[in-house]
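Reading through the structure tokens given below for one structure.
Any read-out appearing in this document is the output of simple, stated calculations on the displayed coordinates, not a laboratory observation. Every value quoted in this text rests on a predicted model; they were computed, and no experiment measured them. We place every Cβ from the backbone using ideal geometry, glycine too, and count neighbours over all the protein chains shown.
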Amino acid sequence: MLWRALSRYSGAQLAAAIEAVPVARLAGAGAFSAASYLCHTGYDALALRYAGAPQRWRRAALASFCSTSISHTLNLAGFGSAILRWRFYARWGLTAEQIVTALAFLSATVVLGHIVLAGFACLLAPDVAALATGLSAGGVRALGLGCLAVIGVYLCAAAMSRTPFTVRRRVFRMPSLRLAIAQVAVGAVDYACVAASLHQVIAAVSEASYPTVAAAYAAANAASAVTRAPGGLGVLETVVQRLLPAQDLIGPLLVYRAVHFLAPLVLGLSAFALSEIVAKRRVLKVE
């Protein structure tokens, strides 16, 4: 899919398309992307609290940024977000049960955030949602309301349910209503910031509104999750250009990939390597 998205362009055309994105739009995309990664620190802080092992914010931020920035881009079986977070959490003394509980909470936060984005995208940009899903206008509205209803049911369950439940022999419980509201909020704001980052670069060449771009991103993100392509490589470019065909978007999409995936990857790898060196030195001092 990446080859199909790029093969019709020459190197000079791609360079010109990238240079067409103004510095102001690039800065805006970077700011919203940074806000998204900041929201991800809330994922870990809330998950650790839910697991009964709260940590200082700087610890949660380190685990969150390293894990998210690396796994978002690579998405490889041996280098996934869960593996990296497990390494950090175990180093801080969490038990296996606490780590599994925290990871389950993190996964739920991701899903809830995407459901909120998809719900509002269906209601605010029904044309794009209809093109992505093949549903009628009424079907798209029903899908959007259904997504938001799922969030409502989840919050009601958090408010009312105090009975633990078992999944694959592991016992879980619903978070408190306060924690569930924070969970939904941080997931929704995260995805809203990612969509805003994408909108910033697309606005350099297109008049597409924020809801329209958010709807296209929601569809591309769902497709990326199904295909398991690292960082949605090729999938995001193909789906967004299919749903927003009015302009040639390859330049803005490449800029977005550099801002939201490649730059954080470099920083995340550096931070992870530094954290490993520091942890190793602490072990040697103890010995």
### Query
Using 7 Å Cα-to-Cβ label points, what is the A157/A34 separation (nm, one decimal)?
3.8
### Task
Work out how much length I277 to S176 would gain on full extension: take 0.36 nm times their residue separation and subtract the Cα-Cα distance, in nm to one decimal.
32.6 nm
#### Entry: Charge dipole (the chain, unit charges on Cβ, about Cα centre) - positive-most of T212, V150, Q98
Q98
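So, with +1 on the Cβ of K and R and -1 on the Cβ of D and E, and no other charges, what is the size of the charge dipole of the range 24-286 about its Cα centre, to the nearest 20 debye?
The dipole of the range 24-286 has a size of about 1400 debye.
Rule-of-thumb check for the range 24-286: C-alpha Rg over 2.2 N^0.38 Å?
It is 1.05.
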### Summary
With the dipole of the range 24-286 defined by +1 on each Lys or Arg Cβ and -1 on each Asp or Glu Cβ, the option from T238, S197, F165 whose Cα lies farthest towards the positive pole is F165
### Task
Based on other C-beta atoms within 10 Å, arrange E19, E276 from fewest to most.
E19, E276
### Longest segment of the chain lacking chymotrypsin sites (Phe, Trp or Tyr not before Pro) that sit in a DSSP loop with at most 16 other Cβ atoms within 10 Å
93-287
### Query
When the helices in the chain are scored as -39500 (n - 2.57) per DSSP H run of 4 or longer and the sum is shared across all residues, what 222 nm value do you end up with, to the nearest 500 deg cm²/dmol?
-25500 deg cm²/dmol
#### Entry: Nearest-ten-degree value, helix 81-91 long axis tilted from longest Cα axis of the chain
30
### Query
What percent does the relative contact order of the chain come to when contacts are Cα pairs within less than 8 Å and at least six residues apart?
30
### Query
How high is the FRET efficiency between F165 and R141 when r is their beta carbon distance and R₀ equals 41 Å, given to the nearest 0.05?
0.80
#### Entry: Angle in degrees between helix 57-74 and the longest Cα principal axis of the chain, rounded to the nearest 10
50
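Counting other beta carbons within 10 Å of each Cβ, put I151, I83 in order, fewest first.
The fewest-first ordering by Cβ neighbours comes to I83, I151.
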### Task
Report the full-extension gain for the segment R56 to A149: residue separation times 0.36 nm, less the Cα-Cα distance, to one decimal in nm.
30.1 nm
### Query
Could you give the length gained on full extension between L124 and L269, defined as 0.36 nm per residue of separation minus the Cα-Cα distance, in nm?
48.4 nm
